[in-house]
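Encoded as structure tokens, the structure appears first; notes follow it.
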Amino acid sequence: MKLASEIKTLFPQLRIRENAPLREYTTFRLGGPCPLLIESATAGQLPSIIQLLNKARQPFLVIGQGANLIISDKGIDQVVIRFCSEKPAIEADGNRVTVSGDTLLDDLALFTIENKTGDLSYCSGIPGTVGGGIAGNAGAFGKQMGDHLVSVKLLGLNGQTRTVLHDELEFSYRHSKLKETGEIVLSATFKLPVAEQAVMQAERDRIMEFRRTHHPDWHETPCAGSVFRNIEPTSAVERRKAAGFFLQEAGAHLFRAGGARLYEKHANIIVADPGCTAQDVWELSEKMIRAVKDKFGIELIREVRFLGSFTA
């Protein structure tokens, strides 16, 4: 492919694969190929790559760790750029932390504890990158990333960069404006609440143990975490309610579709047994939606993203 050679000429060190199987790049380990996959592009390389793709009128998609993606069995027609690094790029100044968007969330949580820069322990064990976490306002235990964000450096789909402040991202539960704009987080700055290192470490240990005993380990059991968002309160006096509760009450924990089933300890997590397809996961998620709608009249909203074509 001519495009691959042009990108390789710009950045010889990049690994570029044609017809790459995307199942190798998501935690669900499902999905067909993309025409071209660009691995481990850096924040400095992304603008030039995207400008080149735009010049070629080539649709593209930027992914991180693939922790909330289910790719169609037929694959997708876009070039995929993987912006994810196992080498954290983090700088701290007191309780202000600046981090690259391709740094893993758990690495950032661990860094803040080890360097006493402030409390981000609730991100412990959450898969995915900082950039993806900001776009989806990731969080746990009543806290979310937008709570402490100061500013972000963004890369637009036109290849141009800009820096914006917290309020411009319009954070809400598991949502930010980036879900509409598609802009990519190149880096982010947080101002973190101060806490004792021992307290933060104890909280991280508690969270990691909770995840170990209540959630599947995606390294061993293919999954993408919670499939649906929790249910927003209908009044100011109510609390957000777990989608898993409604799914359990609707009997969805007993559902399966082909090789896809619900995790035995969590009715809002689909896991893949051997032979599972992405279509199986889609069909099971549809059954879950119908069950809660029929019993409670509640419309579940997906937290995971299905990309490509699926049969209704």
Inset, instruction - Over segment 1-156, consider all pairs of different Cα atoms and compute the Kirkwood hydrodynamic radius from their mean reciprocal separation; express it in Å, one decimal. - result: 16.6
Inset, instruction - Could you tell me the distance between the Cα centroids of segment 119-136 and segment 7-84, to the nearest Å? - result: 21
Legend entry - Listed residue (Thr98, Phe83, Gly32) projecting farthest to the positive dipole end of segment 1-101, Cβ model: Gly32
Legend entry - Quarter of Cα convex hull surface for segment 79-238, i.e. mean projection, nm²: 10.9
Inset, instruction - Could you size up the charge dipole of segment 36-157 around its Cα centre, putting +1 on the beta carbon of Lys and Arg and -1 on that of Asp and Glu, and report it in debye to the nearest 20? - result: 400
Legend entry - Kirkwood Rh, angstrom, segment 153-312 [1 / mean 1/r, Cα pairs]: 18.5
Inset, instruction - Give me the net charge of Ala43's neighbourhood, meaning all other residues with Cβ under 12 Å from the Cβ of Ala43; Lys, Arg count +1, Asp, Glu -1. - result: 0
Inset, instruction - Count neighbours as other Cβ atoms within 10 Å of each site's Cβ, and list the trypsin sites (Lys or Arg not before Pro) in segment 207-311 that are DSSP loop with at most 14 such neighbours. - result: Arg239, Arg240, Lys265
Legend entry - Shape of segment 247-312, Cα gyration tensor, a/c cut at 1.5: oblate
Legend entry - √(5λ) per eigenvalue of the Cα gyration tensor, segment 202-261, largest first, Å: 23, 21, 9
Legend entry - Magnitude of the charge dipole, the chain, Cβ model with Lys/Arg +1 and Asp/Glu -1, debye to 20: 520
Inset, instruction - Show which lysines lie in cross-link reach of Lys87 when reach means a straight Cα distance below 28 angstrom and same-chain residues fewer than eight apart are skipped. - result: Lys8, Lys116, Lys143, Lys153, Lys177, Lys179, Lys191
Legend entry - Descending Cα extents along the principal axes, the chain, whole Å: 56, 50, 35
Legend entry - Residue-averaged 222 nm ellipticity for the chain, from DSSP H runs of 4+ at -39500 (n - 2.57), nearest 500: -8000 deg cm²/dmol
Legend entry - trypsin sites (Lys or Arg not before Pro) lying in DSSP loop within segment 1-104, provided at most 11 other Cβ fall within 10 Å: Arg57
Legend entry - For segment 170-221, the spread of Cα positions along each principal axis, largest first, Å: 36, 35, 21
Inset, instruction - Please compute the net charge surrounding Ile81, taking Lys and Arg as +1 and Asp and Glu as -1 over other residues with Cβ under 11 Å from its Cβ. - result: -1
Inset, instruction - Mind computing the radius of gyration and Dmax over the alpha-carbon atoms of segment 143-244? Å is fine for both. - result: 17.2, 45
Legend entry - Computed lengthening from Ala312 to Arg211, 0.36 nm per intervening residue step minus Cα-Cα distance: 33.1 nm
Legend entry - Low-density loop positions, GluC sites (Glu not before Pro), segment 226-304 - DSSP coil, at most 12 other Cβ in 10 Å: Glu238, Glu264, Glu299
Inset, instruction - Report the full-extension gain for the segment Arg290 to His219: residue separation times 0.36 nm, less the Cα-Cα distance, to one decimal in nm. - result: 22.6 nm
Inset, instruction - For segment 113-265, give the percent of accessible area contributed by carbon and sulfur heavy atoms, probe 1.4 Å, rounded to a whole number. - result: 51
Inset, instruction - Hey, for a label at Lys74 modelled as a point 7 Å past Cα toward Cβ, could you say which residues of segment 250-281 have their backbone N under 16 Å away? - result: 278-280
Legend entry - Within segment 36-66, backbone nitrogen closer than 14 Å to the virtual label 7 Å beyond the Cα of Lys8 toward Cβ: 36-39
Legend entry - Square roots of five times the Cα gyration tensor eigenvalues for segment 7-56, Å: 22, 12, 10
Legend entry - Under Karplus coefficients 6.51, -1.76 and 1.60, residue-wise ³J(HN,Hα) of segment 290-296 in Hz, glycine/proline x: 5, 5, 6, 5, 5, 7, 10
Inset, instruction - State the extension gain, in nm to one decimal, for the chain segment bounded by Glu168 and Asn54, taking 0.36 nm per residue of separation less the distance between their alpha-carbons. - result: 38.5 nm
Legend entry - For segment 88-144: rounded, prolate or oblate by the Cα gyration tensor [a/c cutoff 1.5]: oblate
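The values are calculated or read from the model by the stated rules, or taken from the named source; none is laboratory data. What you see is a predicted model, and the numbers here were worked out from it, not measured in a lab. Virtual Cβ from ideal backbone geometry, glycine too; neighbours counted across all protein chains shown. Side chains included, ligands, DNA and RNA excluded: accessible areas come from the protein's heavy atoms. Shrake-Rupley method; radii C 1.70, N 1.55, O 1.52, S 1.80 Å.
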